[in-house]
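Contents: one structure, followed by commentary.
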Amino acid sequence: MSDERDPAPYDALLLLSFGGPEGPDDVVPFLENVTRGRGIPKERLKEVGQHYFRFGGVSPINEQNRTLLAALRKDFADHGLDLPVHWGNRNWAPYLTDTLRELALAGHRRIAVLATSAYASYSGCRQYRENLADALAALEAEGIARPRVDKLRHYFNHPGFVRPMVDGVLASLAELPPGVRDGARLAFTTHSIPTAAADTSGPVEGHGDGGAYVRQHLDVARLIVDAVREETGVDHPWRLVYQSRSGAPHIPWLEPDICEHLEELHAEGAPAAVLVPIGFVSDHMEVLYDLDTEAVARAAELGLPVRRSATVGADPRFAAAVRELVLERAAAERGEPVRPCALGPLGPSHDLCPIGCCPARAPRPAAAGADSPYA
(Lines give C-alpha, C1' and ligand atoms only; values in the text may rest on other atoms or scores of the structure.)
Protein backbone atom coordinates (compact mmCIF):
# COMPACT_ATOMS: atom_id res chain seq x y z
CA MET A 1 0.00 0.00 0.00
CA SER A 2 1.24 3.52 -0.78
CA ASP A 3 0.27 4.68 2.73
CA GLU A 4 -0.86 2.10 5.26
CA ARG A 5 -2.88 4.78 7.07
CA ASP A 6 -4.66 6.11 4.00
CA PRO A 7 -8.42 5.40 4.10
CA ALA A 8 -9.15 7.17 0.79
CA PRO A 9 -11.60 7.04 -0.90
CA TYR A 10 -13.49 6.47 2.36
CA ASP A 11 -14.32 9.37 4.64
CA ALA A 12 -16.24 7.41 7.33
CA LEU A 13 -16.82 3.92 8.71
CA LEU A 14 -20.34 2.82 9.63
CA LEU A 15 -20.80 0.07 12.21
CA LEU A 16 -24.04 -1.60 11.13
CA SER A 17 -25.77 -3.87 13.63
CA PHE A 18 -29.06 -5.52 14.55
CA GLY A 19 -29.99 -3.38 17.53
CA GLY A 20 -31.91 -4.31 20.65
CA PRO A 21 -34.27 -2.92 23.32
CA GLU A 22 -32.87 -0.93 26.21
CA GLY A 23 -35.82 -1.10 28.58
CA PRO A 24 -39.13 -2.94 29.16
CA ASP A 25 -41.14 -0.42 27.12
CA ASP A 26 -38.85 -0.99 24.13
CA VAL A 27 -39.32 -4.75 23.87
CA VAL A 28 -42.58 -5.08 21.92
CA PRO A 29 -41.86 -2.12 19.57
CA PHE A 30 -38.43 -3.62 18.90
CA LEU A 31 -39.95 -7.02 18.11
CA GLU A 32 -42.49 -5.30 15.87
CA ASN A 33 -39.58 -3.83 13.92
CA VAL A 34 -37.87 -7.22 13.67
CA THR A 35 -41.01 -9.01 12.46
CA ARG A 36 -42.55 -6.22 10.38
CA GLY A 37 -44.62 -7.53 7.48
CA ARG A 38 -45.13 -11.01 8.96
CA GLY A 39 -48.48 -10.30 10.61
CA ILE A 40 -47.47 -11.59 14.06
CA PRO A 41 -50.00 -10.56 16.74
CA LYS A 42 -48.83 -8.31 19.57
CA GLU A 43 -49.76 -10.93 22.18
CA ARG A 44 -47.39 -13.38 20.51
CA LEU A 45 -44.66 -10.74 20.53
CA LYS A 46 -45.18 -10.29 24.27
CA GLU A 47 -44.64 -14.03 24.70
CA VAL A 48 -41.44 -13.92 22.63
CA GLY A 49 -40.34 -10.88 24.60
CA GLN A 50 -40.15 -12.87 27.84
CA HIS A 51 -36.49 -13.56 27.05
CA TYR A 52 -35.88 -9.82 27.20
CA PHE A 53 -38.17 -9.14 30.17
CA ARG A 54 -36.19 -11.75 32.11
CA PHE A 55 -33.22 -9.38 31.84
CA GLY A 56 -35.08 -6.16 32.61
CA GLY A 57 -36.11 -5.63 29.00
CA VAL A 58 -32.53 -4.86 28.03
CA SER A 59 -30.56 -6.58 25.32
CA PRO A 60 -26.80 -6.31 25.86
CA ILE A 61 -26.15 -5.73 22.15
CA ASN A 62 -26.39 -1.93 22.11
CA GLU A 63 -23.99 -1.50 25.02
CA GLN A 64 -21.61 -3.96 23.39
CA ASN A 65 -21.78 -1.96 20.17
CA ARG A 66 -20.91 1.19 22.12
CA THR A 67 -17.91 -0.64 23.56
CA LEU A 68 -16.85 -1.84 20.10
CA LEU A 69 -17.34 1.67 18.73
CA ALA A 70 -14.99 3.03 21.42
CA ALA A 71 -12.45 0.28 20.70
CA LEU A 72 -12.48 1.05 16.98
CA ARG A 73 -12.04 4.77 17.56
CA LYS A 74 -9.16 4.13 19.95
CA ASP A 75 -7.44 1.72 17.57
CA PHE A 76 -7.82 4.10 14.63
CA ALA A 77 -6.46 7.02 16.66
CA ASP A 78 -3.57 4.98 18.08
CA HIS A 79 -2.53 3.99 14.55
CA GLY A 80 -2.93 7.38 12.94
CA LEU A 81 -5.99 6.45 10.89
CA ASP A 82 -8.05 9.61 10.48
CA LEU A 83 -11.47 8.09 9.84
CA PRO A 84 -14.60 8.86 11.89
CA VAL A 85 -16.59 5.85 13.07
CA HIS A 86 -20.38 5.96 13.37
CA TRP A 87 -23.06 3.44 14.33
CA GLY A 88 -26.51 2.57 13.01
CA ASN A 89 -28.92 -0.32 13.64
CA ARG A 90 -31.44 -2.28 11.63
CA ASN A 91 -34.13 -2.55 14.31
CA TRP A 92 -33.56 0.01 17.06
CA ALA A 93 -32.02 3.38 17.79
CA PRO A 94 -29.67 4.64 16.55
CA TYR A 95 -31.45 3.68 13.32
CA LEU A 96 -29.46 3.17 10.14
CA THR A 97 -31.40 5.76 8.12
CA ASP A 98 -30.89 8.40 10.82
CA THR A 99 -27.16 7.75 10.97
CA LEU A 100 -26.76 7.81 7.19
CA ARG A 101 -28.75 11.06 7.05
CA GLU A 102 -26.41 12.63 9.62
CA LEU A 103 -23.36 11.45 7.68
CA ALA A 104 -24.71 12.70 4.36
CA LEU A 105 -25.66 16.12 5.76
CA ALA A 106 -22.19 16.39 7.31
CA GLY A 107 -20.71 15.98 3.83
CA HIS A 108 -19.57 12.36 3.88
CA ARG A 109 -19.60 10.93 0.38
CA ARG A 110 -17.99 7.46 0.56
CA ILE A 111 -18.66 5.22 3.54
CA ALA A 112 -17.21 1.82 4.39
CA VAL A 113 -19.67 -0.41 6.26
CA LEU A 114 -18.83 -3.10 8.81
CA ALA A 115 -21.77 -5.41 9.61
CA THR A 116 -21.70 -7.22 12.95
CA SER A 117 -22.13 -10.53 11.14
CA ALA A 118 -19.03 -12.37 9.98
CA TYR A 119 -20.60 -14.94 7.67
CA ALA A 120 -22.50 -15.20 4.39
CA SER A 121 -26.28 -15.61 4.60
CA TYR A 122 -29.41 -13.69 3.69
CA SER A 123 -30.02 -12.40 7.23
CA GLY A 124 -26.31 -11.87 7.93
CA CYS A 125 -25.37 -10.10 4.71
CA ARG A 126 -27.92 -9.42 1.98
CA GLN A 127 -30.59 -8.20 4.39
CA TYR A 128 -28.15 -5.59 5.69
CA ARG A 129 -27.51 -4.60 2.07
CA GLU A 130 -31.27 -4.27 1.58
CA ASN A 131 -31.43 -2.10 4.70
CA LEU A 132 -28.71 0.11 3.22
CA ALA A 133 -30.66 0.39 -0.04
CA ASP A 134 -33.82 1.33 1.87
CA ALA A 135 -31.93 4.00 3.80
CA LEU A 136 -30.36 5.44 0.64
CA ALA A 137 -33.77 5.53 -1.03
CA ALA A 138 -35.17 7.40 1.97
CA LEU A 139 -32.42 10.01 1.72
CA GLU A 140 -33.06 10.39 -1.98
CA ALA A 141 -36.77 10.90 -1.31
CA GLU A 142 -35.86 13.65 1.16
CA GLY A 143 -33.75 15.41 -1.46
CA ILE A 144 -30.49 14.59 0.32
CA ALA A 145 -27.49 13.67 -1.84
CA ARG A 146 -26.90 10.03 -1.01
CA PRO A 147 -23.37 8.83 -0.23
CA ARG A 148 -21.87 5.69 -1.71
CA VAL A 149 -21.67 2.77 0.71
CA ASP A 150 -19.33 -0.24 0.41
CA LYS A 151 -19.81 -3.20 2.74
CA LEU A 152 -16.53 -4.70 3.95
CA ARG A 153 -15.93 -8.36 3.15
CA HIS A 154 -16.80 -11.27 5.43
CA TYR A 155 -14.18 -11.56 8.15
CA PHE A 156 -14.99 -15.00 9.60
CA ASN A 157 -11.45 -16.28 8.88
CA HIS A 158 -9.48 -13.14 9.63
CA PRO A 159 -6.91 -13.89 12.37
CA GLY A 160 -8.15 -10.91 14.38
CA PHE A 161 -11.53 -12.64 14.60
CA VAL A 162 -10.32 -16.23 15.00
CA ARG A 163 -7.50 -15.83 17.51
CA PRO A 164 -9.61 -14.26 20.29
CA MET A 165 -11.98 -17.25 19.99
CA VAL A 166 -9.05 -19.66 20.24
CA ASP A 167 -7.99 -17.96 23.47
CA GLY A 168 -11.58 -18.14 24.70
CA VAL A 169 -11.66 -21.91 24.20
CA LEU A 170 -8.29 -22.34 25.92
CA ALA A 171 -9.52 -20.30 28.89
CA SER A 172 -12.74 -22.32 29.12
CA LEU A 173 -10.88 -25.62 28.98
CA ALA A 174 -8.59 -24.40 31.78
CA GLU A 175 -11.67 -23.69 33.92
CA LEU A 176 -12.87 -27.30 33.69
CA PRO A 177 -11.80 -29.77 36.39
CA PRO A 178 -8.54 -31.48 35.41
CA GLY A 179 -10.19 -34.90 35.41
CA VAL A 180 -12.57 -34.01 32.58
CA ARG A 181 -10.58 -31.35 30.72
CA ASP A 182 -8.79 -33.48 28.13
CA GLY A 183 -11.95 -35.40 27.25
CA ALA A 184 -14.10 -32.30 26.85
CA ARG A 185 -16.05 -31.97 23.61
CA LEU A 186 -16.21 -28.68 21.73
CA ALA A 187 -19.69 -27.62 20.60
CA PHE A 188 -19.38 -24.81 18.07
CA THR A 189 -22.65 -22.92 17.95
CA THR A 190 -24.24 -20.49 15.51
CA HIS A 191 -27.70 -19.21 14.72
CA SER A 192 -29.90 -21.79 13.04
CA ILE A 193 -31.43 -20.61 9.76
CA PRO A 194 -33.81 -22.32 7.31
CA THR A 195 -31.95 -24.98 5.33
CA ALA A 196 -33.18 -23.32 2.12
CA ALA A 197 -31.48 -20.08 3.15
CA ALA A 198 -28.30 -21.93 4.08
CA ASP A 199 -28.23 -23.83 0.78
CA THR A 200 -28.36 -20.58 -1.22
CA SER A 201 -25.89 -18.62 0.91
CA GLY A 202 -22.81 -17.27 -0.80
CA PRO A 203 -22.16 -16.94 -4.56
CA VAL A 204 -24.32 -18.99 -6.92
CA GLU A 205 -21.53 -21.36 -7.92
CA GLY A 206 -21.18 -22.44 -4.29
CA HIS A 207 -24.87 -23.09 -3.64
CA GLY A 208 -25.64 -26.57 -2.36
CA ASP A 209 -26.07 -28.37 0.94
CA GLY A 210 -25.43 -25.76 3.62
CA GLY A 211 -23.94 -23.28 1.17
CA ALA A 212 -21.29 -20.81 2.27
CA TYR A 213 -22.98 -20.37 5.65
CA VAL A 214 -22.18 -23.90 6.83
CA ARG A 215 -18.83 -24.14 5.02
CA GLN A 216 -17.55 -20.93 6.57
CA HIS A 217 -18.55 -21.99 10.08
CA LEU A 218 -16.92 -25.39 9.62
CA ASP A 219 -13.77 -23.65 8.40
CA VAL A 220 -13.62 -21.50 11.54
CA ALA A 221 -14.30 -24.49 13.81
CA ARG A 222 -11.42 -26.41 12.22
CA LEU A 223 -9.09 -23.43 12.58
CA ILE A 224 -9.90 -23.23 16.29
CA VAL A 225 -9.61 -26.98 16.85
CA ASP A 226 -6.23 -27.06 15.10
CA ALA A 227 -4.94 -24.12 17.16
CA VAL A 228 -6.15 -25.68 20.42
CA ARG A 229 -4.49 -28.98 19.50
CA GLU A 230 -1.24 -27.20 18.71
CA GLU A 231 -1.20 -25.41 22.06
CA THR A 232 -2.49 -28.20 24.32
CA GLY A 233 -1.50 -31.38 22.52
CA VAL A 234 -5.10 -32.59 22.89
CA ASP A 235 -7.36 -33.36 19.93
CA HIS A 236 -10.84 -32.52 21.22
CA PRO A 237 -13.83 -34.08 19.40
CA TRP A 238 -16.11 -31.37 18.07
CA ARG A 239 -19.28 -30.61 16.14
CA LEU A 240 -21.02 -27.62 14.59
CA VAL A 241 -24.45 -27.21 16.18
CA TYR A 242 -27.18 -24.60 16.13
CA GLN A 243 -29.28 -22.44 18.42
CA SER A 244 -31.97 -19.77 18.51
CA ARG A 245 -34.38 -21.30 16.00
CA SER A 246 -37.42 -19.07 15.59
CA GLY A 247 -39.30 -20.34 12.50
CA ALA A 248 -42.46 -22.33 11.94
CA PRO A 249 -42.11 -26.01 12.93
CA HIS A 250 -42.91 -27.32 9.42
CA ILE A 251 -40.00 -25.43 7.81
CA PRO A 252 -36.66 -27.31 7.95
CA TRP A 253 -33.94 -25.44 9.83
CA LEU A 254 -30.31 -26.34 10.43
CA GLU A 255 -29.83 -28.95 13.16
CA PRO A 256 -28.96 -30.26 15.72
CA ASP A 257 -29.99 -27.79 18.38
CA ILE A 258 -27.41 -27.20 21.10
CA CYS A 259 -29.61 -28.64 23.87
CA GLU A 260 -30.26 -31.80 21.82
CA HIS A 261 -26.52 -32.06 21.22
CA LEU A 262 -25.82 -31.83 24.96
CA GLU A 263 -28.22 -34.72 25.49
CA GLU A 264 -26.34 -36.73 22.84
CA LEU A 265 -23.00 -35.97 24.50
CA HIS A 266 -24.34 -37.11 27.86
CA ALA A 267 -25.68 -40.32 26.32
CA GLU A 268 -22.27 -40.97 24.74
CA GLY A 269 -20.53 -40.56 28.09
CA ALA A 270 -18.73 -37.31 27.28
CA PRO A 271 -17.12 -36.01 30.48
CA ALA A 272 -17.58 -32.28 29.73
CA ALA A 273 -18.21 -29.74 26.97
CA VAL A 274 -17.20 -26.24 25.97
CA LEU A 275 -19.82 -24.16 24.17
CA VAL A 276 -18.12 -22.01 21.53
CA PRO A 277 -20.43 -19.36 19.98
CA ILE A 278 -18.45 -18.80 16.78
CA GLY A 279 -21.49 -17.43 14.95
CA PHE A 280 -21.81 -14.33 17.15
CA VAL A 281 -19.58 -11.28 17.33
CA SER A 282 -20.65 -10.37 20.87
CA ASP A 283 -22.53 -11.72 23.89
CA HIS A 284 -25.96 -10.46 22.88
CA MET A 285 -29.34 -11.87 23.91
CA GLU A 286 -29.15 -15.11 21.94
CA VAL A 287 -25.90 -15.94 23.73
CA LEU A 288 -27.09 -14.69 27.09
CA TYR A 289 -30.38 -16.63 26.99
CA ASP A 290 -30.01 -19.57 24.60
CA LEU A 291 -26.57 -20.59 25.83
CA ASP A 292 -25.92 -19.08 29.26
CA THR A 293 -29.46 -19.75 30.46
CA GLU A 294 -31.15 -22.59 28.53
CA ALA A 295 -28.15 -24.68 27.46
CA VAL A 296 -26.32 -24.31 30.77
CA ALA A 297 -29.50 -25.31 32.64
CA ARG A 298 -29.95 -28.38 30.44
CA ALA A 299 -26.34 -29.40 31.01
CA ALA A 300 -26.83 -29.03 34.76
CA GLU A 301 -29.89 -31.28 34.59
CA LEU A 302 -27.79 -33.88 32.77
CA GLY A 303 -24.88 -33.53 35.19
CA LEU A 304 -22.61 -32.55 32.30
CA PRO A 305 -19.94 -30.00 33.21
CA VAL A 306 -19.91 -27.16 30.66
CA ARG A 307 -18.18 -23.85 30.12
CA ARG A 308 -19.09 -21.19 27.59
CA SER A 309 -16.19 -19.51 25.83
CA ALA A 310 -16.14 -15.80 25.10
CA THR A 311 -17.17 -14.12 21.90
CA VAL A 312 -14.82 -11.66 20.23
CA GLY A 313 -16.65 -8.53 21.40
CA ALA A 314 -14.38 -5.49 21.52
CA ASP A 315 -11.12 -7.43 21.70
CA PRO A 316 -8.28 -5.12 20.54
CA ARG A 317 -7.26 -7.73 17.96
CA PHE A 318 -10.70 -7.53 16.39
CA ALA A 319 -10.54 -3.73 16.34
CA ALA A 320 -7.17 -4.03 14.61
CA ALA A 321 -8.69 -6.48 12.12
CA VAL A 322 -11.39 -3.94 11.25
CA ARG A 323 -8.72 -1.32 10.62
CA GLU A 324 -6.91 -3.76 8.33
CA LEU A 325 -10.14 -4.55 6.47
CA VAL A 326 -10.81 -0.85 5.90
CA LEU A 327 -7.29 -0.15 4.65
CA GLU A 328 -7.30 -3.28 2.49
CA ARG A 329 -10.54 -2.28 0.81
CA ALA A 330 -9.42 1.34 0.45
CA ALA A 331 -6.24 0.27 -1.33
CA ALA A 332 -8.21 -2.04 -3.62
CA GLU A 333 -10.59 0.82 -4.48
CA ARG A 334 -7.57 2.97 -5.36
CA GLY A 335 -6.40 0.25 -7.73
CA GLU A 336 -3.38 -0.76 -5.66
CA PRO A 337 -2.25 -4.38 -5.22
CA VAL A 338 -3.69 -5.99 -2.09
CA ARG A 339 -2.96 -9.23 -0.23
CA PRO A 340 -6.08 -9.85 1.86
CA CYS A 341 -5.44 -11.48 5.22
CA ALA A 342 -7.31 -14.76 5.80
CA LEU A 343 -6.71 -18.11 7.47
CA GLY A 344 -7.74 -21.54 6.23
CA PRO A 345 -8.48 -23.07 2.84
CA LEU A 346 -11.47 -20.89 1.94
CA GLY A 347 -9.30 -17.80 1.66
CA PRO A 348 -10.57 -14.21 1.68
CA SER A 349 -14.17 -13.53 0.77
CA HIS A 350 -15.26 -11.29 -2.09
CA ASP A 351 -15.37 -7.50 -1.74
CA LEU A 352 -18.45 -7.14 -3.91
CA CYS A 353 -21.36 -9.52 -3.43
CA PRO A 354 -22.10 -11.07 -6.87
CA ILE A 355 -25.51 -11.33 -8.47
CA GLY A 356 -27.48 -14.23 -6.97
CA CYS A 357 -25.47 -14.22 -3.73
CA CYS A 358 -27.66 -15.06 -0.69
CA PRO A 359 -30.91 -14.31 -2.56
CA ALA A 360 -34.06 -13.05 -0.89
CA ARG A 361 -37.33 -14.95 -1.20
CA ALA A 362 -38.82 -11.85 -2.84
CA PRO A 363 -36.35 -9.73 -4.82
CA ARG A 364 -35.58 -6.36 -3.26
CA PRO A 365 -32.97 -3.70 -4.07
CA ALA A 366 -29.72 -4.18 -2.18
CA ALA A 367 -26.81 -1.75 -1.96
CA ALA A 368 -23.09 -2.58 -1.99
CA GLY A 369 -23.28 -5.47 -4.44
CA ALA A 370 -22.94 -6.21 -8.14
CA ASP A 371 -26.70 -5.86 -8.49
CA SER A 372 -26.93 -2.59 -6.56
CA PRO A 373 -28.99 0.24 -8.06
CA TYR A 374 -26.64 2.63 -6.22
CA ALA A 375 -23.23 2.59 -7.91
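Numbers at a glance
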{"item": "Scope the stretch 118-155; condition more than 24 Å from residue 105 (Cβ to Cβ) and of a type outside the set (A, V, I, L, M, F, W, C); matching residues", "result": "119, 121, 122, 123, 124, 126, 127, 153, 154, 155"}
{"item": "Any chance residue 239 is part of a helix (DSSP H, G or I), surrounded by 14 or more Cβ atoms within 10 Å (Cβ to Cβ) and basic (Lys, Arg)", "result": "no"}
{"item": "Residues satisfying the stated conditions in the stretch 1-20, i.e. more than 28 Å from residue 362 (Cα to Cα) and either touching a Cys at 6+ places or on another chain (Cβ under 6 Å) or in a loop (DSSP other than H, G, I, E, B) (or both)", "result": "1, 2, 3, 4, 5, 6, 7, 8, 9, 10, 11"}
{"item": "Entirely in the stretch 146-222, the helices (runs of 4 or more DSSP H) that have 1 or more residues that are among the aromatic types (Phe, Trp, Tyr)", "result": "159-175"}
{"item": "Any chance residue 226 is under 21 Å from residue 280 (Cα atoms), of a type outside the set (Gly, Ala, Ser), surrounded by 19 or more Cβ atoms within 10 Å (Cβ to Cβ) and assigned by TED's automatic domain parsing to the domain that holds residue 304", "result": "no"}
{"item": "Residue in the stretch 232-248 that is over 18 Å from the mean Cα position of the chain (by Cα) and at pLDDT below 95 present", "result": "yes"}
{"item": "Subset of the stretch 53-75 that is exposed (fewer than 14 other Cβ atoms within 10 Å of the Cβ) and small (Gly, Ala, Ser) - its residue that is nearest to residue 280 (Cα to Cα)", "result": "70"}
{"item": "Residues being in a helix (DSSP H, G or I), out of contact with any helix residue (DSSP H, G or I) (no Cβ under 6 Å at 6 or more places or on another chain) and within 21 Å of residue 193 (Cβ to Cβ) - total across the stretch 252-263", "result": "2"}
{"item": "Contacts under 7 angstrom Cβ, first residue in the stretch 36-61 being assigned to a loop (DSSP other than H, G, I, E, B), partner acidic (Asp, Glu) and at pLDDT 90 or above, 6 or more apart", "result": "57/26; 60/283"}
{"item": "Residue satisfying all of: in the stretch 76-109; among the β-branched types (Val, Ile, Thr) and more than 16 Å from residue 326 (Cα to Cα); surrounded by the most Cβ atoms within 10 Å (Cβ to Cβ) among these", "result": "99"}
{"item": "Residue match in the stretch 84-96 (condition: farther than 28 Å from residue 159 by Cα and part of a strand (DSSP E or B))", "result": "yes"}
{"item": "Residue match in the stretch 65-73 (condition: touching a Phe, Trp or Tyr at 6+ places or on another chain (Cβ under 9 Å) and free of Cβ contacts under 8 Å to residues at least 40 places away in the same chain)", "result": "yes"}
{"item": "Subset of the stretch 340-363 (residues that are in contact with a helix residue (DSSP H, G or I) (Cβ under 7 Å, 6 or more places away or on another chain) and either in the same structural domain as residue 115 (by TED's automatic domain parsing) or modelled with pLDDT under 95 (or both))", "result": "360"}
{"item": "All positions within the stretch 168-193 that are in contact (Cβ under 8 Å) with a residue 60 or more places away in the chain and out of contact with any helix residue (DSSP H, G or I) (no Cβ under 7 Å at 6 or more places or on another chain)", "result": "168, 171, 172, 175, 176, 177, 179, 180, 183, 192"}
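The values are calculated or read from the model by the stated rules, or taken from the named source; none is laboratory data. Just so you know, these numbers come straight off a predicted model, no measurement behind them. Don't worry about glycine lacking a Cβ; one is built from the backbone with ideal geometry, like all the others, and counts go over all protein chains shown.
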